[in-house]
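Note sheet for the following structure.
The values are calculated or read from the model by the stated rules, or taken from the named source; none is laboratory data. Bear in mind that the values here come from a model prediction, so they are computed numbers and not experimental data. So basically every Cβ, Gly included, is an ideal-geometry build from the backbone, and we count neighbours across all protein chains shown. Heads up: the accessible areas ignore ligands, DNA and RNA and are worked out on the full protein's heavy atoms, side chains in. Shrake-Rupley method; radii C 1.70, N 1.55, O 1.52, S 1.80 Å.
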Amino acid sequence: IAGILSDLLILMSSAGANILTINQNIPANGVANVTVSMRTEHMEMPLDAFVARLRSVEGVNKLEILAM
């Protein structure tokens, strides 16, 4: 599905997350792994609600929080 990363970035920005880095692998079989690091302490919504919204984006297959 084209535009998934764009949808995620818009959601992150609208929530007040501060994006630090974005790394995307070359897509294979229609799937691209993307790692986004961000600061979330100044977000305007609770972290659990933010994660739920990210997971609800069509095309997101897996979401992990590596550190808080």
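Only Cα pairs under 8 Å and 6+ residues apart enter the sum, and on that basis the relative contact order of the chain stands at 31 percent. Ligands, DNA and RNA are left out, and with a 1.4 angstrom probe the accessible area of the chain is 75 Å² per residue.
Going through the chain, which trypsin sites (Lys or Arg not before Pro) have at most 10 other Cβ atoms within 10 Å and a DSSP loop state?
Listed in order of number, the matching sites are K62.
Between D7 and S56, the simple spin-label model (points 7 angstrom out along Cα→Cβ) gives 1.2 nm.
Can you pull the percent of the stretch 25-68's accessible area that's carbon plus sulfur, 1.4 Å probe, other chains left in place? Intermediate results must be reported in sequence, preceding the final value.
On the way: 1820 of 3630 Å².
Looking at the stretch 25-68 in its full context, I get 50 percent from C and S.
When the square roots of the Cα gyration tensor eigenvalues are ordered a ≥ b ≥ c, the ratio a/c for the chain is 1.5 or more and a/b exceeds b/c, which makes its shape prolate.
How do M45, M12 rank by accessible surface area computed with a 1.4 Å probe, from largest to smallest? Present the calculation step by step, with values, prior to reporting the outcome.
On the way: M45 40, M12 10 Å².
Heavy-atom accessible area, descending, gives M45, M12.
Mind checking the angle between helix 4-15 and the chain's longest principal axis? C-alpha axes, 0 to 90 degrees, to the nearest 10. Here the helix axis deviates by roughly 0 degrees.
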